[in-house]
Amino acid sequence: MLKRFLRPERIEQPAPSSAKPVAIVDIGSNSVRLVAYQGLSRAPTPIFNEKAMCGLGKGVVTTGRLPEEGVERALKALKRYRALCETMRVLDIEVIATAAARDAENGPAFLDAARAAIGRDIVLLSGKREAELSALGVISAVHEPNGVVGDLGGGSLELIDVAGDELGKGVTLPLGGLALMDASRKSPREATRIARKAIAGAKPLEHLKGRTFYAVGGTWRSLAKLHMRQRNYPLGVMHNYRIQTNEAADFAALVEHVDSAAIEDIETVSAARRPLLAYGAIVLDEIIRRAKPREIVISAAGVREGLLFERLSESERKVDPLLAGSRELETLFARASGYGDELIAWTDAFLASSEIDESPEEKRLRHAACLLSDIAWRAHPEYRAQRAMNIVTHGPFVSVDHPGRAFLSLAIMMRHEGPDGGAGIGAVRSLLTTRLFVRARLLGAAMRAAYVLSASMPGILPRTSLLVRGGLLTLRLPADYTDLASDRVLSRVKTVGRLLGVDARIEIGG
């Protein structure tokens with residue numbers, strides 16, 4: 001039975017967010033991490049992110065105790081994080097602990113020492129609670145998710161069904177990388193047997209066939225990073241990286257059976273993570289065998305993001321984070337904030353008049369592109385397109401897949417360079433369907449015409465229109481805007497018309 005968490009409808013205007021920084025300290029079985037955010041919002045921006053690989057879960061399965069060396073490292077890291085939070089003046093700090101501290105006999109004693117080190121209370125998450133927070137993290141950062149979230153840590157694997165804004169019942173399995181390595185005594189064959197037996201009875205996987213498996217956790221992110229490098233993938237962004245199931249199974253099998261030192265580009269993975277790659281691959285392979293998902297999607301958002309999302313009001317949760325993040329960048333970098341919303345309305349009318357069908361997803365991507373259209377104006381004119389493209393391609397956006405990110409990148413580049421694009425277009429072009437590529441060109445041309453008409457300043461576009469009527473594209477200007485008409489403006493409008501296959505003109509007055 002799925003549990004409803006929030007309403008599905010989204011709104012574009014962000015609700016007011018806290019200006020005060022907030023931090024999450026996550027005491028995991030493999031790493032202890034501090035992430036500080038600029039504020040509590042629908043699209044939280046990290047201002048500091050650091051992890052210490054402590055290996056608290058190493059040996060817990062066989063000895064029942066947290067290792068002394070791991071405890072010392074963790075306490076040292078927590079003292080540093082306390083000092084860092086004081087330096088950053090972060091007062092709103094949540095500290096959580098997961099499987100290793102939960103399962104070890106000396107877990108309570110460690111938590112007492114950890115509370116003293118960090119100077120905050122520590123919430124020890126149950127496996128069920130950890131699964132729910134991981135799912136909320138995915139809901140917060142993936143547009144309309146539908147599948148099963150799997151959060152693989154050092155000590156455990158949490159699984160939970162997610163469908164839009166609804167959560168299923170979470171389960172926890174002792175299949176974290178460190179736990180599986182210890183339980184199998186470093187035998188891949190034994191690790192496979194243990195994983196297969198545990199996964200066979202996992203109820204959240206019963207209805208995963210043909211849906212998406214959302215992989216959360218550092219070990220799976222490391223596997224995906226290697227897969228990206230093997231494919232020479234054009235984007236370096238990990239969040240929302242998609243791998244088709246058969247390809248993921250083949251790659252997992254390769255990692256399972258090949259010494260990590262022999263894998264090409266292994267240096268991209270931290271030395272502390274490398275021993276766990278094979279165990280993460282074993283678990284992923286068994287999930288694929290058991291549940292047959294359609295695809296694997298890597299989510300960089302998990303428990304920490306779930307904690308932040310849970311704290312938002314209902315109205316804040318409804319905000320589309322892609323548009324909220326785009327609007328924040330407009331506020332920070334555009335010539336004048338507010339222009340993007342006028343461009344949204346202007347292109348709304350243009351698309352409606354052209355009778356080009358537009359899906360809800362394509363519409364939200366177009367709206368985001370309008371908000372981002374002027375973020376690179378401070379760069380040298382010859383480098384504005386590349387600057388804008390770099391910001392959009394590698395920016396900390398969530399709730400957008402990689403084809404969507406590529407669409408935004410190309411639309412913004414074409415807004416600067418024209419619909420034929422420029423240097424660097426080839427790499428991300430491969431991520432787009434022909435349909436999205438054609439729309440990126442058209443939107444880029446329309447934004448380019450709007451810019452030369454308005455200088456990206458608010459107040460002009462609402463009194464003008466670019467509409468298709470009777471097979472003719474017309475830019476209509478009021479009489480008092482006569483001086484804004486020029487050959488350059490007409491040339492830009494004609495470019496839009498050429499992409500539509502119609503003639504174009506400027507009409508003044510009337």
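The values are calculated or read from the model by the stated rules, or taken from the named source; none is laboratory data. What you see is a predicted model; the values in this text were computed from it and never measured. Methodologically, a virtual Cβ is constructed for each residue, glycine included, from the backbone with ideal geometry; neighbour enumeration extends over all protein chains shown. The protein model used for the area step is the full one, side chains on, heavy atoms only, and it has no ligands, DNA or RNA in it. Shrake-Rupley method; radii C 1.70, N 1.55, O 1.52, S 1.80 Å.
Just need a number here: residues in the range 490-510 that are open to solvent by 70 Å² or more (accessible area, probe 1.4 Å) and among the aliphatic types (A, V, I, L, M). So the answer is 1.
Can you tell me which of (1) open to solvent by 40 Å² or more (accessible area, probe 1.4 Å); (2) at pLDDT below 95 is the one R42 doesn't meet? If we test R42 against (1) open to solvent by 40 Å² or more (accessible area, probe 1.4 Å); (2) at pLDDT below 95, just (1) comes out false.
Pairs meeting the criteria (first residue in the range 308-320 and without any contact (Cβ under 8 Å) to a residue 24 or more places away in the chain, second residue surrounded by fewer than 20 Cβ atoms within 10 Å (Cβ to Cβ), beta carbons under 8 Å, at least 6 apart or on different chains) are lacking. For the range 180-204: of the residues being farther than 19 Å from H257 by Cα and not β-branched (V, I, T), which is farthest from the chain's Cα centre (by Cα)? Going through the qualifying residues, I end up with K197. Applying a threshold of 6 Å to beta carbon distances and a minimum spacing of six or more residues, or different chains, the list of pairs starting in the range 368-397 at a residue that is of a type in the set (K, R) and ending at one that is open to solvent by less than 30 Å² (accessible area, probe 1.4 Å) and part of a loop (DSSP other than H, G, I, E, B) reads R384/A376; R387/A376; R387/A379.
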